[in-house]
1. Residues to consider are B:E76, B:E88; find the one that is at pLDDT below 95, surrounded by 18 or more Cβ atoms within 10 Å (Cβ to Cβ) and of a type outside the set (S, T, N, Q).
2. For segment B:24-41, which positions are surrounded by fewer than 17 Cβ atoms within 10 Å (Cβ to Cβ) and either of a type in the set (A, V, I, L, M, F, W, C) or touching an Asp or Glu at 6+ places or on another chain (Cβ under 8 Å) (or both)?
3. Does A:A7 satisfy the criteria of being modelled with pLDDT under 95, over 19 Å from B:L70 (Cβ atoms) and not assigned by TED's automatic domain parsing to the domain that holds A:L132?
4. What strands (runs of 3 or more DSSP E) lie completely within segment A:198-254 and have 3 or more residues being surrounded by fewer than 18 Cβ atoms within 10 Å (Cβ to Cβ) and among the small types (G, A, S)?
5. Inside segment B:100-129, can you point out the residues that are crowded, with 22+ Cβ neighbours inside 10 Å and basic (K, R)?
6. Quick one: in segment B:37-55, of everything that is facing chain A (nearest Cβ under 9 Å) and not aromatic (F, W, Y), which residue is nearest to A:D62 (Cα to Cα)?
7. Could you check A:Y117 against (1) among the hydroxyl-bearing types (S, T, Y); (2) more than 23 Å from the chain's Cα centre (by Cα); (3) within 11 Å of another protein chain (Cβ to nearest Cβ) and say which number it fails?
8. So A:L108 passes all but one of these: (1) in contact with a helix residue (DSSP H, G or I) (Cβ under 7 Å, 6 or more places away or on another chain); (2) facing another protein chain (nearest Cβ under 8 Å). Which condition number does it fail?
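The values are calculated or read from the model by the stated rules, or taken from the named source; none is laboratory data. Nothing here was measured: the structure is a model prediction, and the numbers come from that model. Here the Cβ positions follow ideal geometry from the backbone for every residue, glycine too, while neighbour counts run over all protein chains shown.
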Protein chains: 2
Amino acid sequence: MEEDTGALPRKESFSEWYNEILWRAEIMDVRYPVKGLYVWYPHGFGIRKRAYGILRDLMDRDHAETMFPLLIPKTEFMKEAEHIKGFEDEVYWVTHGGRNELDVPLALRPTSETAIYPMYALWIRSHTDLPLKLYQVVNTFRYETKHTRPLIRLREITSFKEAHTVHASWEEAAAQVEVALGLYKEFYDTLRVPVILSRRPDWDKFPGADYTIAVDTIMPDGKTLQIGTVHMLGDHFSRTYAITYEDANGEQQYGYQTCYGISERSIAAVVSVHGDDKGLVLPPAVAPIEIVVVPIIVGKRRDEVLASATALESELRDAGFAVKLDARDMRPGAKYYHWEMRGVPLRVEVGPRDVDANTVVAVTRTGKKTTLDRRGVVEGITSVLSTFGEDLSQAARQAMAARITAVATLEETAEAVKSGVAVVHWCGSQECAEKIEAAVDASIIGSDIRSDLIAVSDGPCVVCGGEGRSALVARTY
Amino acid sequence: MEEDTGALPRKESFSEWYNEILWRAEIMDVRYPVKGLYVWYPHGFGIRKRAYGILRDLMDRDHAETMFPLLIPKTEFMKEAEHIKGFEDEVYWVTHGGRNELDVPLALRPTSETAIYPMYALWIRSHTDLPLKLYQVVNTFRYETKHTRPLIRLREITSFKEAHTVHASWEEAAAQVEVALGLYKEFYDTLRVPVILSRRPDWDKFPGADYTIAVDTIMPDGKTLQIGTVHMLGDHFSRTYAITYEDANGEQQYGYQTCYGISERSIAAVVSVHGDDKGLVLPPAVAPIEIVVVPIIVGKRRDEVLASATALESELRDAGFAVKLDARDMRPGAKYYHWEMRGVPLRVEVGPRDVDANTVVAVTRTGKKTTLDRRGVVEGITSVLSTFGEDLSQAARQAMAARITAVATLEETAEAVKSGVAVVHWCGSQECAEKIEAAVDASIIGSDIRSDLIAVSDGPCVVCGGEGRSALVARTY
């Protein structure tokens, strides 16, 4: 794991930058000998661990964690016709155990509806069993034939958080969709990643759903990245899998369901939205190391400075920070490079002059320098990190806002989607959508937009001139 | 998820008891439609979550967590001859993606040596990269043809914690084996599960290892359950996968490796060792709910009692306990039954007399009743729970000691293994082992025994009369 000290590609060459930063910052190793499968380096896994800790805490407020099997018998998998159509080209099949051919081939779950819902049918008997809200964090599989990309388009999604709920009525399920969107919004707020919520066009919703609301962010190259989806399933699956309950009047009723998921694309968003030309930039909430303490050791005051830095590290650790003392025998500049590449939010330098003045120098990953009093250093650093996090949110919001353009014509749309997202009036018909998409080489990603960065309005459809509403058009990952 | 209020089978009928408690205490649902695959109920998953939190904390002292892919190309998997021989009859093969046959079949990892070591060969360059100590918690797969059993013999092991280390010398790797055994011992101490360490016979070691030291516990039916293994791999795999490093003199050297694992058998041990005729008994460290507060509501003092119980719950939660208030409208007895079945370590009752006397009544899962002063209740409960945990350890140690018999003849061995473990002198030869095993219908599970419950000695082999040492003979899971 040697350090490559060459320059990172500029972030404006986003694709090159992304590929390089993944191994330079030790997030993923792409050299695993199967296409679309990658290895988490410990540093990358540390980010995932903190991010999923946040996600689990949010889910645990109101859901219980559980775990279902990876392997789904073909007989169960093939029960729900629309669902199969959506996935059958992407499913990996286990056909042999040892030297024997299996009687029934087993699918590697592409998502777990068909594993979970037969059990829900057994578990739910009465209205008192509802609502049922469970989630799991598991690996799922897609036989991707498109170009694969670490964290973004994978054959093994190692970190799929999927929730599955059952309710007594359509209205309660619809209300759960809003609860889920609120949790996801809060999750991405903590990650300092701005998002846009919108309703997917009908032809792009989850196979078997009434409707799908997606959570997207905009990547530095202007393409959108879907980083969460919430599906209203209605009674579609409950009719297939016989998920029924006895209501208060003793009548059998079908349950109404939702499901919603987030994957390691959330980590791709953190990497891409915040990183810069020097490497990763991590929000404090997901940084495996929040603070690196670097002693500036010169000549004969070495022991004194090292003792001071060590005491500082202990004090910060006791205060609950993820802190690391870097006392390696190398130039401070090389250490700065190392930790900047890995996105550590704050570097604290301790030199002879700091020891004399009873101060420390705190430098954020984005270069803001503050001299802090050594007494009360915990409060000082708490405040610097908090401001740093808020600054990341602000910068990310501004960058996203700059990539969104309200447009009135197909020509303007075509121009806007070269570097970002176009907001255009669209009547909602598939016919007009196809014309827009053909004209601008991008997709209608959603309507019913919810984002405080986008003003929505009614207006004439950019194609047919009929009654239209704001919709998002973008190139997508 | 209705409550079945019938009696649990007696624990002395262990097999029936085990099968029933898994669903009665909501640990696993066995009704998933594939043999050997089971579903974690939220309560069972909560136990797993706490147990694996303890395990991760232990590992994180000195290892980094990471994650490697599930799918291993056949070409990599088949490189290490001994290893393949050990696993080829048990491997599930993915042969199709969508409608296409794959060029190279992909194995579902039965264990991850062949996924991890090709990456280690890329990562390790210099002696400064060593030691390397990583671990992951993943699902692994075995096409078991034997009778499967939840948590014990599975086709999907959902909770495999496997560590893989590389060292500069054989001696350093051997020292790591001892470190790993220390961590595992500490883990099981926290779970209040007594263990015996022993060296597996050569024909029973991990395929490709120099030697294997196993961690076993004894189940209520006298069979041993292997709940951890630590393998000294020597340079066996490093030669196959070209894991080399440059030493301080600039010479290329092979690395020396160890690997060690723990699975959800750890949860099976907690369930089996501590449970009783009323249900599960959980050590506080792994209980998803440590304390249930039950208001004893009678007549007109209902509001007052409920307010007192609610205040108590808050205070205990603020003190860091996993606490639940059970204010359901049902008889206290039915509540007691419910929480006893699920193994909650402590029930705290609050009734009108307690409100008057400013006391609460704490009842441990094993029936020890203490009246505690309401002031200082946190300290009182901390002490009761701590004693409860120690009592579980003591009871489990006594039960294990009662199942171990030192024997001097094959007849005595045959008698002892009917209800437990025999300790017999054995010369170490496979020939004598086979004679012992045939005579007593049980297996030599290990020599070089380490357990403070077993005195080891030298003596004449029970078969050939040659020089022998203490060895364990038992029926095994």
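1. Details: B:E88 fails: surrounded by 18 or more Cβ atoms within 10 Å (Cβ to Cβ).
Of the residues listed, the single one that is at pLDDT below 95, surrounded by 18 or more Cβ atoms within 10 Å (Cβ to Cβ) and of a type outside the set (S, T, N, Q) is B:E76.
2. The first filter runs over segment B:24-41 and keeps only residues surrounded by fewer than 17 Cβ atoms within 10 Å (Cβ to Cβ), leaving B:30-31, B:33, B:35.
Matches in segment B:24-41: B:V30, B:P33.
3. yes
4. Working: elements: A:211-218, A:224-234, A:244-246, A:252-254.
By residue number, no strands (runs of 3 or more DSSP E) qualify.
5. B:R109
6. B:P42
7. Unmet condition: (3).
8. (1)
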